[in-house]
Amino acid sequence: MGKRNLISVTDMKDEWHDLVDLAIKLKAERGHHNDPLKGKTLAMMFEKPSTRTRTSFDIAITELGGHALYLDVTKMQMGHGETVEDTARVLSRFAHGIMYRAFDYKMMDKLGEWASIPVISGLDNLEHPCQALADIVTIKEKFGEVKGKKVVYLGDGNNVCNSLLYACAIMGIDMIACCPATRMPNAEIMLAAAKIAESNGSKILASHEPLEACKNADVLYTDTWISMGDTTSEAEAIKLFQMYQINDELLSIANPDCIVMHCLPAHRGQEITNSVIEGKHSVVFDQAENRLHAQKAVLYTLLKD
Ligand code: CP
Ligand code: NVA
């Protein structure tokens, strides 16, 4: 089989369940991996800041016996006019995989097309597939069986929301994207995810009514109201999203054993209150840790000989 990319969740749709299980297995086996990626180098290209993605990929490949290289795109020739096509072909002669955090999904797609080694998205303006994998790992870890669970995503219908829609659909999880009408998730992704969900016996729905949507929820999920590269002002965002904030009132509507998730970084007092993110329903740091185990599953699957 030729090289594969993970740019959209759908690129690994058929292996998604296996990736989730492998991440859980690798978490249990931490410290005993026997260097399956010995001699492999992951080139990590960043156009935007990162704490979790950068650190977890670096540590993940190191713990699997390989090596990571951090590349700040503004300091690469690609940030000064070299084409993505040439960059892809050059890096393919040096490294065994590329992780790329991009502003524009079109650049991501081009890199994926021109590289002869796997390209893994570390987020672009359309998706954040590795985040979604860690999210599903977390939901599975907390509930055991995930099929039929209900996830409500509140706030901006952004990259994190788009990938979560696909991931929930693949797992047979019901998901409601509860967002303002002007900030719904990508329409094509909503439709495609709804189709996948239907074949797995679940539903992908849209709502603008948090008090209605959160009834019987097993998971409340939110993300920043202003993503990197988004020019919405803070004042505008507060006006648009305030009613979608995860606070104690909204949490009281959900199931009593509901978990609260956030991909981080969080803005306390905006998309989530301090009392909720620090409260007993919050699993945000387990979720952040699971980025490490999810990255390992992806790297192992795509880079192992
Ligand atoms: N959740 C996430 O991707 O975080 P970073 O921006 O810190 O990588
Ligand atoms: N939606 C956010 C996620 C950050 C990890 C962004 O794109 O900035």
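What's the magnitude of the charge dipole for the chain around its Cα centre, counting Lys and Arg as +1 and Asp and Glu as -1 at the beta-carbon? Answer in Debye, nearest 20. The partial results should precede the final answer.
Working: 32 positive and 41 negative charges, 132 e Å.
Magnitude of the dipole: close to 640 debye.
Can you give the net charge of the other residues whose Cβ lies under 13 Å from the Cβ of Asn186, counting K and R as +1 and D and E as -1?
Working: positive: Arg183; negative: Asp124, Glu127, Asp156, Glu188.
Value of the local net charge: -3.
Rounded to the nearest 5, what % of the DSSP beta bridges within the chain are antiparallel ones?
Details: 0 of 35 bridges.
Percentage antiparallel, nearest 5: 0.
Let me check against my output: what whole-number percent is the relative contact order of segment 163-305, with C-alpha pairs under 8 Å and at least 6 apart? All intermediate terms of the calculation are to be shown ahead of the outcome.
On the way: 190 pairs, mean separation 28.9, N = 143.
20 percent.
Below 8 Å, C-alpha to C-alpha, sequence gap of six or more: please give me the relative contact order for the chain in percent.
Numbers: 618 pairs, mean separation 60.7, N = 305.
Value for the chain: 20 percent.
May I ask for the net charge around Tyr221, where only other residues with Cβ less than 14 Å from the Cβ of Tyr221 are counted and Lys, Arg are +1 while Asp, Glu are -1? Walk me through the numbers before you get to the answer.
Values: positive: Lys142, Lys149, Lys150; negative: Asp135, Asp156, Asp174, Asp218, Asp223, Glu271, Asp286.
Local net charge: -4.
Over the alpha-carbon set of segment 56-150, work out the extent along each principal axis and list the three values in angstrom, largest first.
48, 31, 22
Averaged over every viewing direction, what's the projected area of the C-alpha convex hull for segment 149-206? Give it in nm², one decimal, please. Can you show the working numbers first?
Working: hull surface 12.4 nm².
The number I arrive at for segment 149-206 is 3.1 nm².
Work out, step by step, the length gained on full extension between Lys239 and Lys3: first 0.36 nm times the residue separation, then minus their alpha carbon distance; give nm to one decimal. Each step should come with its number before you reach the end.
On the way: separation 236, 0.36 × 236 = 84.96 nm, distance 4.53 nm.
Residue separation times 0.36 nm, minus the Cα-Cα distance, leaves 80.4 nm.
List the lysines whose alpha-carbon lies under 20 Å from that of Lys147, not counting same-chain residues fewer than 8 positions away?
Lys13, Lys25, Lys195, Lys203, Lys215
How much length is gained on full extension from Ser275 to Ala181, taking 0.36 nm per residue of separation minus their Cα-Cα distance?
Working: separation 94, 0.36 × 94 = 33.84 nm, distance 2.77 nm.
Additional length available on full extension: 31.1 nm.
Holding the Cα-Cα limit at 28 Å, pick out from Lys75/Lys304; Lys40/Lys110; Lys48/Lys296; Lys280/Lys304; Lys27/Lys75 the pairs that are longer than that.
Result: Lys75/Lys304; Lys280/Lys304; Lys27/Lys75 exceed 28 Å.
So, in Å, what gap is there between the alpha-carbon centers of segment 220-262 and segment 4-71?
A separation of 28 Å, based on Cα centres.
Could you work out the percent of alpha carbon pairs in the chain separated by over 33 Å, rounded to a whole number?
Numbers: 9825 of 46360 pairs.
Tail fraction, whole percent: 21.
Every number here is computed from the coordinates shown, using simple stated rules; none is lab data. What you are looking at is a predicted structure, and each value in this text was computed from that prediction instead of being measured. Cβ: placed from backbone, ideal geometry, glycine included. Neighbour counts: every protein chain shown.
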